[in-house]
Each structure stands twice: as C-alpha cells, then as structure tokens.
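The values are calculated or read from the model by the stated rules, or taken from the named source; none is laboratory data. In this text, all values refer to a predicted model and were calculated from it rather than measured experimentally. Glycine gets a Cβ as well: all are built from the backbone with ideal geometry, and neighbour counts include every protein chain shown. Just the protein is used for accessible areas: all its heavy atoms, side chains included, with ligands, DNA and RNA removed. Shrake-Rupley method; radii C 1.70, N 1.55, O 1.52, S 1.80 Å.
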Amino acid sequence: MKIAFFDAKDYDLPAFARLGREQGIEFKFYETKLGEDTAGLAEGSDGVCVFVNDVVNAEVVEKLYRCGVRVIALRCAGYNNIDLAACFGKIHVVRVPAYSPHAVAEHTMALLLTSVRRIHKAYNRTREFNFSLSGLTGFDLYGKTAGVVGTGRIGCAFIDICRGFGMKVIAYDKFPREGAGIEYVSLGELFSRSDVISLHCPLSEDTYHLIDEAAIGKLKKGAIIVNTSRGALIDAEALLDGIKRRIVGAALLDVYEEESDLFFRDFSGHILEDDVLARLISMPNVIVTSHQAFLTEEALESIAETTVRNLVAFGRDEPLENELCYRCGKVEECRKSRRGKCF
Ligand code: NAI
C-alpha cells in the first residue's frame, strides 16, 4: 500500500517509517501541506495521510479521487478541515479519535501555571542573573473556578487536573455526560462565573467564534482564557480588544484561527504579516505555543499506531472502527454499525 504523507515533520518520521515497514505500508513523506496545488503529488497512491492544517475541501477530494486515492488517514482527532460530504461514496476517511488526552490536558495546565506564576518571565530573568521578584506576583489556583467548555476526553482529563489543584469546576457541553458528577451550567453562566475558561470542544458551525465580543462582554473582570482546541473557537480581534480593555486577564493559546500558514514553521528573522497575532504576542499576559499540546512521545507513538492500524484495516477490507462520514451517528443512515464501513 502506498500512502502520500503530507505536512511531514521530523518528529513524525521515526514511528511512521518503522510501523509502515513492519506492516507493508510505503509512506512517501512530503513536507508540503495538502491543498489544491499539491493534491497531484498523491498520483498513484492508495491513500493520503494528513494533519490539522492540510486542506481537504471538495476540490481537493475530487483531485485525490482522480489520482486513485481511496482512503484519507487523519493523524489527529479533529476533522474540521475535511469536507466529509464530498468524500462520501468516494474516499473513506479514518482518524485517530484519541491518543493521549492527557498530553493536551497537561499542556493546558502548563500554560495556565506558567501564566499565573509568571514562570516565563522568571525564566528569562534568572538567565540574566536578575533575581528580583518585582512584578512576579501571581495568584493561587486553589479555590478558583474553572469553566470547561466540552467535557469529552480532553475536557474531563483537564477537569481531573483542576480538581487536583482544589479548583471548583463548572462546565458546558452540548451533550452533557449524565451522572459524571460535573456541574453543568449554561454558556452565559460559565462566562460570568469562571476565573479560568478552557475550551475543549470541537470546531463546528455551532462553536465558531464561541468567544466573541458578546461573550467577552459577559466575562468576570480578569478572567483567563485558555484555548488548546481549535483557533477559530475564538474571534482573535475581539480577544485582543478584551485584553486592551483589561477584561481578559490572560490569553493562553496553543491554537490560532489563522495558524495554518504560520504554525509548525520557523519565521524568526522574518516580518510577521499577521498584525493581530503579532499584537497578541506582544502582550505581557498572552502566551502562545504553536499547536504543540499533543506533542509528547506517548501521543506520537499512539497516533502512528492507530493511523497504521486504520490503514491496514482499509487495505484488508476489514471494518473501519475509526471511519468518519457526514452521516456518522445517525444510526438509520450511516452503515458503519451494520457493515463496518460508512459506505
Ligand atoms: P471529544 O470528542 O472526546 O470531546 C469533545 C466534547 O465537546 C464532547 O463532550 C462533545 O459533546 C462536546 N461538544 C460538541 N459540540 C459542542 C458544542 N457545540 N458546545 C460544547 N461542547 C460541544 O474530543 P477530545 O478528544 O476531548 O478533543 C477536543 C478537541 O481538542 C478536538 O476537537 C480538537 O479540536 C482539540 N485537540 C487539540 C489538540 C492540540 O494539540 N492542541 C490535540 C487534540 C485535540
């Protein structure tokens, strides 16, 4: 089986190359992202392997199909970049639904602790032998309220961590987990009661710009916003305005709406064209990491294992447990539960 692997990074190669060799899958690694201009590279491949910022819109799907591609293997959980309706009936789409929710939840808490205890500032100071504590006063997380949006795998792992710190937790989820011992509230109440708001829901039409000007207007003064989910959950200009008006106490971002042309690449020494991101980064109470929450050894190994397992199942015409289609979940329409494949 030949798989064109797009947006390949050095950290992807070891596990995928090894597991591919063991399972008879020939990965062809391309540094470039998948998009309308690069889809042709998949000519002669049985499938493509893609990541969060590859573009798989209807035009790309059509081009891939004409190249002979019959499977798209996402090496991530989120799939907002895939036009599933365009794929249906032509190309099967498989993903890695879970690898290490702990990797993302722990990174979320790492961002929060870094910010509230000013670790990023202290690190820079002590490297220059500046041992002054001036301006480094933080605050206790103990007793503060965390508002978690999305109580799936990552949201729940983050809730456990917050509870370990003695924080109160409230949550909002479109599909609350009955009997999980979580206090669910409306989104409006979550915005007005939380000291820390952490986003762990997928990006969809419902959640696009969930944090916008209106939401920021409801926040407790000084509230901290953490986003390790998807950039477009936040209207970045509204966030910037909320920071300037001293409403948002800190913004801790692992993701950014316009990240696709920036993140995962080295632009040091270049002039950043994105004024909103540049202004956000210039703020003393903003920390940006470039979509690295997933990046642990455990998560990388698990991502490669599940992706290769998905591809092997496809190659053997076995049921695809991690397949996605735009009808998934609608039992009467999606065939996966009956036939092991969505179409
Ligand atoms: P999950 O599927 O286990 O949980 C998602 C939760 O969001 C579910 O409880 C679902 O009911 C809820 N939800 C769905 N629609 C909602 C809405 N409109 N409003 C509120 N809640 C809603 O997903 P998981 O594994 O916890 O991942 C969450 C997100 O984290 C992913 O969608 C992905 O975007 C992001 N992610 C980010 C990574 C990073 O490296 N920064 C790595 C992995 C995932």
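Loop sites by DSSP among the GluC sites (Glu not before Pro) of the chain, restricted to those with at most 12 other Cβ atoms within 10 angstrom, leave 37-127 as the longest stretch without any of them. Our summary of shape: the Cα atoms of region 101-288 have principal axis extents of 51, 36, 32 Å, ordered from largest down, in whole angstrom.
Local charge for Ala103 was computed over the other residues whose Cβ lies under 10 Å away, with Lys and Arg +1 and Asp and Glu -1, and equals -3. Each label point was placed 7 Å from the Cα along the Cα-to-Cβ direction; for Lys168 and Tyr142 their separation is 1.7 nm.
The length gained on full extension between His209 and Glu26, counted as 0.36 nm times the residue separation minus their Cα-Cα distance, comes to 61.9 nm.
Using only the Cα atoms, what convex hull volume per residue in Å³ does the chain have?
153
Converting phi to 3J(HN,Hα) with the Karplus coefficients 6.51, -1.76 and 1.60 and the offset θ = phi - 60°, region 291-308 yields 6, 10, 4, 7, 7, 10, 4, 5, 5, 4, 5, 5, 4, 5, 4, 5, 4, 5 Hz in sequence order, with x at every glycine or proline.
Residues considered: Ala304, Ala39, Ala17. Largest GNM mean-square fluctuation over the chain, using C-alpha springs under 10 Å, is found at Ala17. Full extension of the segment from Arg18 to Asp241, taken as 0.36 nm per residue of separation minus the current Cα-Cα distance, would add 75.5 nm.
For the chain, Cys49, Cys67, Cys76, Cys87, Cys156, Cys162, Cys201, Cys328, Cys334 have no disulfide-compatible partner, since no other Cys C-beta lies under 4.7 Å from theirs. Amide H to amide H, with H built 1.01 Å from N, Arg70 comes under 5 Å of Gly47, counting only residues 5 or more places away or on other chains. Taking 7 Å steps out from each Cα toward its Cβ at Arg316 and Leu41 produces label points 3.0 nm apart. In the context of the full protein assembly, Met1 retains an accessible surface of approximately 60 Å², using a probe radius of 1.4 Å and ignoring ligands and nucleic acids.
Couplings 3J(HN,Hα) of region 90-97, computed from phi: 10, 10, 6, 10, 10, 9, 10, x Hz, in residue order, whole Hz [Karplus 6.51 cos²θ - 1.76 cosθ + 1.60, θ = phi - 60°; x for Gly and Pro].
For the residue pairs Lys28/Lys90; Lys2/Lys336; Lys2/Lys63; Lys28/Lys341; Lys2/Lys341, the alpha carbons lie more than 19 Å apart in Lys28/Lys90; Lys2/Lys336; Lys28/Lys341; Lys2/Lys341. Label positions at His270 and Lys218, each projected 7 Å from the Cα along the C-beta direction, are separated by 3.8 nm.
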